[in-house]
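Trainee: Have a look at this one.
The values are calculated or read from the model by the stated rules, or taken from the named source; none is laboratory data. Since we're looking at a predicted model, the values are computed, not measured. With ideal geometry, Cβ positions are generated from the backbone for all residues, glycine too; neighbour counts draw on all protein chains shown.
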């Protein structure tokens, strides 16, 4: 879907661009990230795998497929809204089940797990407010736009990010300490306060920039403490994991650092005012969070659990995906930089962006083929007497 969106700038495609954008974002967030976190939470934190988790997973899968089909056809309408509502209700039940049945001895992982679930539930308030916002003030209103930003902000920075950190800290068995608790408090404070920047884009009040600035400082302090916390665990990670997993961990952590550094640019008032208008910066930052940080961690979790056998094809798939990510991010960032300073469009920009983007689904297909082969191989071994 993302590749089709990129191609539409080269040649026309017989589909509504806005509708396809909705489908792309929903499937990426709720079909990929959400379902992977669902699987990892049940795998790591639930001792007794009750049948309800399997049934709820497939009901959630149905809601995602429904959105994948209905959004490109009709955009936000009765079918897509119905499937979206079903997904939200499934997520509420999922949060309840995990909260009730999880067995986590590691305190940092438990704190982050529960916090991520709370942010997931809180983020959906933005979705529920969309209806009243449209009926009262219309889709062009600040109320409507802030409701969307509320959902996205606390999904990305609250639910997704904190959830992958919960799994990561569980894997390295980080122990409770005063440093961790300080990191935890700073992370929560930063997540809440930095929402003031999206509000500022639609309700320009100077005090919101001050609140965002405070949130950025807390975020940078949290990043510094996080790196200090995980530093002692890295010799163990290097010793006990394959080179590929170490590379993926390093890639995800590097993207996490870069995300925080780039976000700190919003401390510059002139930049924070116009960044939302520069679509290249917005898309690049979203992809940095989703494809770099979150997906980087998710890939490392998949391969650490040996859901895919280490092979030449797997390595090619991972490196192809990462190369596509890096090239598209560099191109988006450079073009955004030129637009920001009043420059024109790069030569062959849309064609290059499309060609670089081809590497993303190509890498995923190679990873998927390897995973299916591994699964079928393990299945045949299990059946062999």
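Trainee: With the requirement that a residue be closer than 22 Å to residue 143 by Cα and free of Cβ contacts under 8 Å to residues at least 40 places away in the same chain, what does the stretch 179-225 give you?
Mentor: 192, 193, 196, 205, 206, 207, 208, 210, 211, listed by residue number.
Trainee: Return the residue satisfying two criteria in turn: it lies in the stretch 7-29 and is over 20 Å from the mean Cα position of the chain (by Cα) and in a helix (DSSP H, G or I), and of such residues it is farthest from residue 104 (Cα to Cα).
Mentor: 7
Trainee: Right, here's the next one. Could you tell me which of the residues 32, 99, 58 is part of a helix (DSSP H, G or I), in contact (Cβ under 8 Å) with a residue 60 or more places away in the chain and out of contact with any strand residue (DSSP E or B) (no Cβ under 8 Å at 6 or more places or on another chain)?
Mentor: None of the others qualify; the one that does is 32.
Trainee: Something else about it: Kindly provide the set of residues from the stretch 141-176 that are over 21 Å from residue 32 (Cβ atoms) and without any contact (Cβ under 8 Å) to a residue 40 or more places away in the chain, ordered by number.
Mentor: Correct list: 141, 143, 144, 147.
Trainee: Right, next: Pairs under 8 Å by beta carbon, first residue under 12 Å from residue 198 (Cα atoms) in the stretch 263-276, partner modelled with pLDDT under 80 and in a helix (DSSP H, G or I), six or more apart or different chains?
Mentor: Sorted first by the residue in the stretch 263-276, then by its partner, the pairs are 266/272; 266/275; 274/340.
Table: residues versus (1) surrounded by fewer than 16 Cβ atoms within 10 Å (Cβ to Cβ); (2) assigned to a helix (DSSP H, G or I).
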site	(1), (2)
318	no, yes
325	no, yes
329	no, yes
332	no, yes
336	no, yes
345	yes, no
351	yes, yes
356	no, yes
359	no, yes
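Trainee: Does at least one position in the stretch 169-187 carry a residue that is within 27 Å of residue 62 (Cβ to Cβ) and in contact with a helix residue (DSSP H, G or I) (Cβ under 9 Å, 6 or more places away or on another chain)?
Mentor: Looking for residues that are within 27 Å of residue 62 (Cβ to Cβ) and in contact with a helix residue (DSSP H, G or I) (Cβ under 9 Å, 6 or more places away or on another chain), one finds none in the stretch 169-187, hence no.
Trainee: If we keep just the residues of the stretch 102-118 that are out of contact with any helix residue (DSSP H, G or I) (no Cβ under 6 Å at 6 or more places or on another chain) and without any contact (Cβ under 8 Å) to a residue 60 or more places away in the chain, which is farthest from residue 176 (Cα to Cα)?
Mentor: 118
Trainee: Go through the residues of the stretch 250-259 one by one and say whether even a single one is in contact (Cβ under 8 Å) with a residue 60 or more places away in the chain, more than 24 Å from residue 371 (Cβ to Cβ) and surrounded by fewer than 19 Cβ atoms within 10 Å (Cβ to Cβ).
Mentor: no
Trainee: Ok, one more. Tell me the residue from 169, 182, 112 that is farther than 21 Å from residue 29 by Cα, at pLDDT 95 or above and not in a loop (DSSP other than H, G, I, E, B), please. I'd like the intermediate steps shown before the answer.
Mentor: On the way: 169 fails: at pLDDT 95 or above; 112 fails: farther than 21 Å from residue 29 by Cα.
Matching residue, one of 169, 182, 112: 182.
Trainee: Something else: Among (1) farther than 26 Å from residue 348 by Cα; (2) in contact with a helix residue (DSSP H, G or I) (Cβ under 7 Å, 6 or more places away or on another chain); (3) without any contact (Cβ under 8 Å) to a residue 24 or more places away in the chain, which single condition is residue 282 missing?
Mentor: For residue 282, the exception is condition (1).
Trainee: So, of the residues in the stretch 98-112 that are surrounded by 16 or more Cβ atoms within 10 Å (Cβ to Cβ) and under 22 Å from the mean Cα position of the chain (by Cα), which turns out to be nearest to residue 37 (Cα to Cα)?
Mentor: 98
Trainee: To continue, here is another question. With the checklist (1) farther than 14 Å from residue 94 by Cα; (2) without any contact (Cβ under 8 Å) to a residue 24 or more places away in the chain; (3) part of a helix (DSSP H, G or I) in hand, flag the one item residue 39 doesn't pass.
Mentor: For residue 39, the failing item is (1).
Trainee: If you don't mind, another one. Please list, ordered by first then second residue, the pairs with beta carbon atoms under 8 Å, 6 or more apart or interchain, first in the stretch 125-140 and in contact (Cβ under 8 Å) with a residue 40 or more places away in the chain, second surrounded by 12 or more Cβ atoms within 10 Å (Cβ to Cβ).
Mentor: Cβ pairs passing all conditions: 127/84; 127/88; 127/147; 127/151.
Trainee: Can I ask one more? Quick check on the stretch 304-316: of everything there that is part of a helix (DSSP H, G or I) and farther than 18 Å from residue 358 by Cα, which residue is modelled with the highest pLDDT?
Mentor: 304
Trainee: Let me ask something else. Among the listed residues 81, 88, 65, 15, identify the single one that is under 27 Å from residue 287 (Cα atoms) and loosely packed, with under 14 Cβ neighbours inside 10 Å.
Mentor: Sole residue among the options that is under 27 Å from residue 287 (Cα atoms) and loosely packed, with under 14 Cβ neighbours inside 10 Å: 65.
Trainee: Quick check on my filter: what residues within the stretch 6-29 are in contact (Cβ under 8 Å) with a residue 60 or more places away in the chain and more than 30 Å from residue 170 (Cβ to Cβ)?
Mentor: Once the filter is applied, which keeps residues that are in contact (Cβ under 8 Å) with a residue 60 or more places away in the chain and more than 30 Å from residue 170 (Cβ to Cβ), the stretch 6-29 yields 6, 7, 9, 10.
Trainee: Take residue 68 and tell me if it is assigned to a helix (DSSP H, G or I), farther than 27 Å from residue 166 by Cα, modelled with pLDDT of 90 or more and within 20 Å of the chain's Cα centre (by Cα).
Mentor: yes
Trainee: Could we say that residue 34 is at pLDDT 95 or above, over 13 Å from the mean Cα position of the chain (by Cα) and surrounded by 19 or more Cβ atoms within 10 Å (Cβ to Cβ) here?
Mentor: Here the answer is no, as residue 34 does not meet what is asked.
Trainee: Just for the stretch 181-196: of the residues that are within 17 Å of residue 126 (Cβ to Cβ) and within 19 Å of the chain's Cα centre (by Cα), which one is surrounded by the fewest Cβ atoms within 10 Å (Cβ to Cβ)?
Mentor: 192
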